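Below: the structure, in structure tokens.
Derivation of every value follows stated rules applied to the coordinates shown; laboratory data play no part. Nothing here was measured: the structure is a model prediction, and the numbers come from that model. Cβ coordinates were reconstructed from backbone atoms using ideal geometry, including for glycine residues, and neighbour counts include every protein chain displayed.
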Amino acid sequence: MEYSTPPEGATETKTRARRRRWPLALLPAAVALELAVAASPPLVERLYSQSLYRVVSAMFAASFGRVSFSAGETLLWTAVGGAAAWTVRRLRRVVRARGRRRAVLVSTLADAWAAAGAVYLAFVILWGLNYRRPPYAVLAGLDARPATVAELTAVCERLIRETNDARDKLPEDAAGVARLADGRPGALRRAPAGYGAAARIEPVLAGASAPAKPVMVSTVLSYLGISGIFSPFTGEANVNMTLPDPDVPFAACHELAHARGFAREDEANYVGYLACTCHPDPDFRYSGRLAASVYAMNELARVDREGHARLEARRAPGVRRDLAALAAWAERYRGPAERVSRAVNNAYLKSQGQEEGVRSYGRMVDLLIAEERARLTAGRRRGSE
């Protein structure tokens with residue numbers, strides 16, 4: 001029997017078809033990887049967050065930490081411009097492909113799907129798996145059970161007292177608002193110092209991180225209601241430079257918490273607060289406590305309005321001026337863009353397992369209360385010795 005070989009052109013066509021098909025599997029592969037590891041957070045912690053990601057973040061800090069501008073922001077705007085140009089070019093091809101429009105459209109959608117898959121798989125591998133690590137409360141051994149109103153009130157009282165004390169003697173601007181002595185860029189350079197001290201208290205916070213970076217188009221972020229953004233593709237913490245001075249240190253430490261591998265927003269808030277309170281500089285200690293007091297007091301207002309009003313009256317005049325400046329900043333940029341951005345962020349957070357979406361930022365209060373429980377327990381133990 002004689003066997004015939006397929007024509008050379010047919011073989012090349014099949015090979016080319018296979019090469020075009022495998023990129024389509026990147027997005028399902030990324031989703032499958034996330035679902036597979038979600039069942040075993042301790043394994044993610046051991047093999048990824050405390051091993052592979054440590055290597056990745058150290059490489060990012062050593063490379064991108066040497067440049068003063070945000071490589072991540074540059075990459076973002078380059079990608080946006082490239083994607084827009086590609087979309088226009090491919091749409092023109094679809095319009096001009098008379099008789100072949102369906103084939104060209106399918107090819108365009110397939111290429112877009114493949115590109116999205118490549119980007120998302122890179123996101124998952126470079127940083128996104130940190131969403132699947134155990135909660136910070138588990139890693140730090142904190143008791144994060146639901147709180148009572150009395151516990152929440154006690155935390156608010158402590159935070160207001162500490163915030164008032166930390167505000168004393170800070171430099172002010174002409175309007176009486178707390179001022180960063182070396183300006184916002186200086187604060188970004190100083191931000192990592194808090195993590196060195198915090199890691200001595202909680203070793204899980206150890207790791208490499210470069211100084212936070214200023215966002216070049218901060219006004220755009222302001223209208224989107226965003227105080228900072230973390231780039232998972234460069235490991236950079238980027239901060240909105242239009243923020244009032246009292247909020248800049250906390251915003252920087254929040255984004256650096258993401259760089260340390262804490263992806264969930266409530267945990268990044270708490271870790272950022274902890275880094276601020278451990279920082280050697282008073283403006284950072286104040287900023288962290290101010291932010292924590294705002295989150296805690298907002299939670300108290302939901303369950304005890306009278307108690308909230310009573311404690312709010314205890315704030316020092318300087319603290320009130322700072323809060324008024326923060327409120328004025330938010331009001332200045334509030335609008336449709338901010339609402340759309342909030343909806344998009346809400347959907348993104350829910351897709352990453354944070355069921356409360358943007359409300360998860362306020363869940364840091366659970367960790368503040370858990371910290372208070374640990375503090376009280378330690379005090380009782382010392383008293384009984």
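Observations
- 0 to 90° range, to nearest 10: angle between helix 149-167 axis and the chain longest Cα axis: 80 degrees
- Label point 7 Å beyond Cα of GLN50 along Cβ direction - residues of region 197-223 with amide nitrogen under 17 Å: 199-208
- Among LEU142, LEU52, LEU35, the order by Cβ neighbours within 10 angstrom, fewest to most, reads LEU35, LEU52, LEU142.
- Taking trypsin sites (Lys or Arg not before Pro) across region 151-196, the ones in a DSSP loop with at most 10 further Cβ atoms lying within 10 angstrom of their Cβ are LYS169.
- Ranked list, fewest to most other Cβ atoms within 10 Å of each Cβ, for ARG264, ARG184: ARG184, ARG264
- Each of TYR333, TYR53 has some number of other Cβ atoms within 10 Å of its Cβ, and from fewest to most they run TYR333, TYR53.
- Acute angle (nearest 10 degrees) that the helix 317-333 long axis makes with the longest principal axis of the chain, alpha-carbon atoms: 20 degrees
- Cα long-axis angle, helix 26-38 against the chain (0 to 90 degrees, to the nearest 10): 40 degrees
- Projecting the Cα atoms of LEU170, GLY207, THR219 onto the charge dipole of the chain (Cβ charges, centred on the Cα centre) puts THR219 farthest toward the positive pole.
- Between GLU172 and ARG179, the built amide H atoms are under 5 Å apart, and every one of these is 5 or more places off in sequence or on another chain.
- Centre-to-centre separation between the Cα atoms of region 186-204 and those of region 243-321: 16 Å.
- Mean separation of Cα contacts under 8 Å (6+ apart) over length of the chain, as relative contact order %: 21 percent
- Taking amide H as placed 1.01 Å from N in the peptide plane, the amide H of GLU236 sits under 5 Å from that of SER231, each at least 5 places away or on another chain.
- Region 136-384 shape via C-alpha gyration tensor axes, a/c threshold 1.5: rounded
- Build a GNM of the chain with springs between Cα atoms under 10 Å apart, and of GLY261, GLY228, GLY117 the one that fluctuates most is GLY117.
- Computed over region 8-132: relative contact order in percent, which uses C-alpha pairs under 8 Å that are six or more apart: 57 percent
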